[in-house]
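Structure record follows, encoded as structure tokens.
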Amino acid sequence: MSTISTKANDIKWPEIFSLGALNVSVVISWIAYHEYQPILLENFNFDHLSDFLIVSKAFILVMIPALAGLLADYLLGKNGKYFTIFTVGIGATAMIFMIVASIIGAGPVGTLKPFLPYMIILWLVSMNLFISPAYSMIEAFAPAQKLPIVMGFLFLVTELIYALEPLVVGLVQFFGDTLTFIVGGILISVSGYIFHKISSNEVISRKKELLEAKVKKVSVESYIAIIIVGLALGIGKAFLVEYIPANFEASFPDMGNAGDYISFALLGFSAIIAFTISRKVAVWNTQKVLVTSLIIMGLGALILLASSSVSVSIAGGIITAIGFSVLNISGLPFAINQLSVKHITYGVGIYIGASEICTGFFEYYFR
């Protein structure tokens, strides 16, 4: 038995920490994008492109992870090159950050002004090129039965940053637009390099070892199940991030921006719950956990939709957050378990893309 096989039952925490750091960079970049996109469109007289960019973003978030995963699987199967798509995505994102910073620095009268909308579209594409290749690597970071533990940690890191968005926005505003995009490019390139460096040797060998094993056939039903779970995850996120703030603003206008802060609090609560129960979920039946989480989340969503009081809305949000947290730590392990090693990045991309469908719809509807 090889050394890699002997260590296959261990969680590779250095790799997990590096993926967590990459997640933090991605989240901060998205927060910066949402903060400055309307400002840049207004300053550069591109306000009329606002709806177009929202629709384009939704389309890109749904399609690009799956396409990137399909290409990554093809390259891995053909010549063992796993990090090609990941490297292209990281490099392009960092470069576009710098180009946008230059356009901002030159101002609305600069000769590069017409390129700004194209740079935004290319940035959205590049940001989604490396997501599915990075997340599909967790199959080599931990054995299948311990993946919920890994997801508990990654979810904690990711959602806590989203929950701290007001602080991140304050930091972004302190830096200013030009410096924010420069820092964003540095964060993405450095965290991407660290992830690549840490993951390049033992994990790639583990991937190749898995590829040499017997490959199971993936049925259409398996892909449908992955899409359904991804859609459900997106519905939960959309209710917490988009619906609650919009509903509070419409139903309880005297509360000001309370809906936004409740949304942030629920994301933080969900992250802590997920991390706390991840070790228990790891020993439970994944499909039963998924069904339970869907029931809990569905109940919470129904309460939110039917609520006419603040307290009941908050209760519905808490129940939704609990279901969302459980679904987060069990959804991706379920998807990976349904896939063959040769198509795992493609399947993970489908899962990630499906999870963005409802978020994009809610964002457009409640804009």
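Structure values in brief
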quantity: Zone of Trp30's modelled label, taken as backbone nitrogen in region 315-356 under 14 Å from a point 7 Å along Cα→Cβ; calculated: 328, 352-356
quantity: Integer Hz, Karplus 6.51/-1.76/1.60 couplings in order for region 232-248, x for Gly and Pro; calculated: 4, 4, x, 5, x, 5, 5, 5, 6, 8, 9, 5, 4, x, 5, 5, 5
quantity: Contour minus Cα-Cα distance for Val312 and Phe252 (0.36 nm per residue); calculated: 20.3 nm
quantity: Expected 222 nm ellipticity per residue - DSSP helices of 4 or more, -39500 (n - 2.57), all of the chain, to 500; calculated: -27000 deg cm²/dmol
quantity: Glu159, Glu42 arranged by Cβ crowding within 10 Å, fewest neighbours leading; calculated: Glu42, Glu159
quantity: Most fluctuating residue given options Ala271, Ala92, Ala68, as computed from a GNM of the chain linking Cα atoms under 10 Å; calculated: Ala92
quantity: Residue-span extension gain [Glu221 to Leu302] - 0.36 nm each, minus C-alpha spacing; calculated: 26.4 nm
quantity: In sequence order, calculated HN-Hα J values of region 62-69 (Karplus, 6.51, -1.76, 1.60; Hz; x Gly/Pro); calculated: 7, 8, 5, x, 5, 5, 5, x
quantity: Candidates Leu167, Leu40, Leu116: whichever shows maximal mean-square fluctuation once the chain is modelled as a Gaussian network with Cα springs under 10 Å; calculated: Leu167
quantity: Quotient of C-alpha Rg and 2.2 N^0.38 Å, computed over region 220-365; calculated: 1.08
quantity: Exposure proxy ranking, count of Cβ atoms within 10 Å, fewest first, for Phe181, Phe275; calculated: Phe275, Phe181
quantity: Ratio of Rg to Rh over the chain (Cα coordinates, Kirkwood Rh, two decimals); calculated: 0.97
quantity: Lysine pair count for region 12-212 [Cα-Cα under 23 Å; pairs on different chains or 8 or more apart]; calculated: 16
quantity: Proxy reagent accessibility, fewest Cβ within 10 Å first, across His343, His196, His34, His48; calculated: His48, His34, His196, His343
quantity: Pairwise FRET efficiency - Leu179 versus Phe52, Cβ, R0 = 45 Å, nearest 0.05; calculated: 0.95
quantity: Relative counts (whole %) of C-alpha pair distances in region 12-212, using bins that are 5 Å wide; calculated: 1, 7, 15, 18, 20, 15, 10, 7, 4, 2, 0, 0
quantity: Among Val218, Val62, Val150, residue whose mean-square fluctuation peaks in a GNM of the chain (springs only between Cα atoms under 10 Å); calculated: Val218
quantity: Two-site label geometry, Lys113 and Asn285: point separation in nm, points 7 Å out along Cα→Cβ; calculated: 6.4 nm
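Only the coordinates and a few stated rules stand behind these numbers; no lab work does. Because the structure is a prediction, the values reported are computed rather than measured. FYI the Cβ positions are ideal-geometry reconstructions off the backbone, even for glycines, and counts take in every protein chain you see.
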